[in-house]
């Protein structure tokens with residue numbers, strides 16, 4: 001290291017005793033504004049986030065009610081059914097498809113295979129056979145047809161197809177909507 005004596009260095013006057021800025025050092029470090037800028041920026045971001053978040057949650061808590069839409073039924077004129085046209089459609093056997101009628105065949109005679117034979121005859125005539133089985137008792141006489149009221153148009157057609165099977169026995173019929181198939185044929189003695 002080299003030290004100079006202030007009085008002995010030529011033309012160099014490090015700090016003159018009589019200098020005007022004697023109380024201040026020759027180099028002063030400027031204070032940094034980076035810390036202040038960062039703090040202000042951080043506080044501003046927090047304030048903006050708080051305001052936006054508050055507005056969001058206030059808006060999310062409000063329930064928006066959609067207006068109710070009232071449905072008003074309109075009356076449309078309907079045609080009154082003509083009784084003559086309805087009766088003519090019911091009696092026309094040509095318009096009926098036998099496969100549209102599902103028939104359950106039940107044994108009401110106690111003779112083994114009686115229901116199966118009648119079911120085979122009806123199936124070959126074009127009817128849809130639902131099931132075969134035993135009737136609720138074995139005391140039936142002749143053939144009994146139970147048919148749903150909305151399928152009553154098939155009754156004459158079904159009676160005609162059972163004439164050969166009945167072989168002179170009586171064929172009786174009744175209407176009931178309590179049966180599972182469209183029609184039940186109960187084969188009696």
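The values are calculated or read from the model by the stated rules, or taken from the named source; none is laboratory data. All figures in this text were calculated on a predicted structure; none of them were measured in a lab. Neighbour counts run over all protein chains shown; Cβ positions are idealised from the backbone, glycine included.
Structure above, values below:
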read-out: Residue within the stretch 161-168 that is assigned to a loop (DSSP other than H, G, I, E, B) and surrounded by 15 or more Cβ atoms within 10 Å (Cβ to Cβ) present; value: no
read-out: Qualifying residue in the stretch 131-148 (condition: part of a strand (DSSP E or B), in contact with a helix residue (DSSP H, G or I) (Cβ under 8 Å, 6 or more places away or on another chain) and loosely packed, with under 15 Cβ neighbours inside 10 Å); value: yes
read-out: Condition check for residue 118: assigned to a helix (DSSP H, G or I), farther than 20 Å from residue 166 by Cα and modelled with pLDDT of 85 or more; value: no
read-out: Among (1) farther than 20 Å from residue 95 by Cβ; (2) more than 45 Å from the chain's Cα centre (by Cα), the one test that residue 116 misses; value: (2)
read-out: Residues located in the stretch 122-153, provided they are within 13 Å of residue 98 (Cα to Cα), out of contact with any strand residue (DSSP E or B) (no Cβ under 8 Å at 6 or more places or on another chain) and touching a residue at least 12 places away in the same chain (Cβ under 8 Å); value: 125, 126, 153
read-out: Selected residue (only one of 108, 53, 126, 59 is on the phi < 0 side of the Ramachandran plot and modelled with pLDDT of 90 or more); value: 108
